[in-house]
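Here the structure comes first, spelled out in structure tokens, and everything after it is commentary.
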């Protein structure tokens, strides 16, 4: 199972955003593109992906949304935005509760550092995408990797300090959009593990 963590400092953490103005909702348009790139390819939906979204925007941060394969997933950006909106309305008040909102879609109150530490304790190989990281093409992928990707603004100072302990990898010499990074990583995993 390939896993991704997408961190957004600005994505809103309430469901009352306008799905016609996704940029104004803390760049929810980018979040939708990340979901599309994680799961959808030309003629089907990937079944071997788990996507963690960490939203640190106002007013209820932090929020952890979990997406896993579901045959009813839609590739429409507007449908995905509507799904996120409905999930945010179901955010549990108890920090220990994981609420399954729809098939393949859960939400909880959990911060970035807690999620990364939890995945590490589960024996996952956690990597931060960084332009100075080791080339992903030279990595020996085992199928238990978790790749951390930041939003368009990167990570705040406190998160960067935490991330110093994480191994770094790179998808190449250029800096890409987050959604493109997911596509490139998926391609590398497809080539090495298939």
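No value in this document is a laboratory result; all are computed from the given coordinates. Please read these numbers as outputs of a predicted model, since none were measured by experiment. Please note: Cβ atoms are built from the backbone with ideal geometry, for glycine as well, and neighbour counts cover all protein chains shown.
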Query - the chain - percent relative contact order, Cα under 8 Å, separation 6 or more - result: 25
Requested in this report: Before rounding to the nearest 500, sum -39500 (n - 2.57) across all DSSP H runs of length at least 4 in the chain and divide by the residue total; then give [θ] at 222 nm in deg cm²/dmol.
Outcome: -9000 deg cm²/dmol
Requested in this report: Sort out for me the Cα centre separation of region 74-105 from region 1-46, rounded to whole Å.
Outcome: 12
Query raised in the report: Taking the convex hull of the alpha carbon atoms in region 4-113, what volume per residue do you get, in Å³?
Result: 89
Query raised in the report: Taking the chain as a Gaussian network, Cα atoms linked when under 10 Å apart, which of 94, 132, 20 shows the biggest mean-square fluctuation?
Result: 94
Report summary line: Between the Cα axis of helix 77-89 and the main Cα principal axis of the chain, the angle (0 to 90°, nearest 10) is 60
Report summary line: To the nearest 10 degrees, the tilt of helix 178-193 (Cα long axis) against the first principal axis of the alpha carbons of the chain is 50
Query raised in the report: For residue 46 and residue 117 in the same chain, what is the full-extension length gain: residue separation times 0.36 nm, less their Cα-Cα distance, in nm?
Result: 23.0 nm
Query raised in the report: To the nearest 10 degrees, how steep is helix 28-39 against the longest Cα principal axis of the chain, on a 0 to 90 scale?
Result: 50
Requested in this report: Can you pull the one-decimal nm distance between simple spin-label points at residue 144 and residue 97, each 7 Å off the Cα toward Cβ?
Outcome: 3.3
Query - Residue with peak Gaussian network fluctuation, the chain [Cα springs, cutoff 10 Å], from 42, 114, 179 - result: 42
Query raised in the report: Highest GNM mean-square fluctuation, the chain, Cα pairs closer than 10 Å: which of 23, 139, 87?
Result: 139
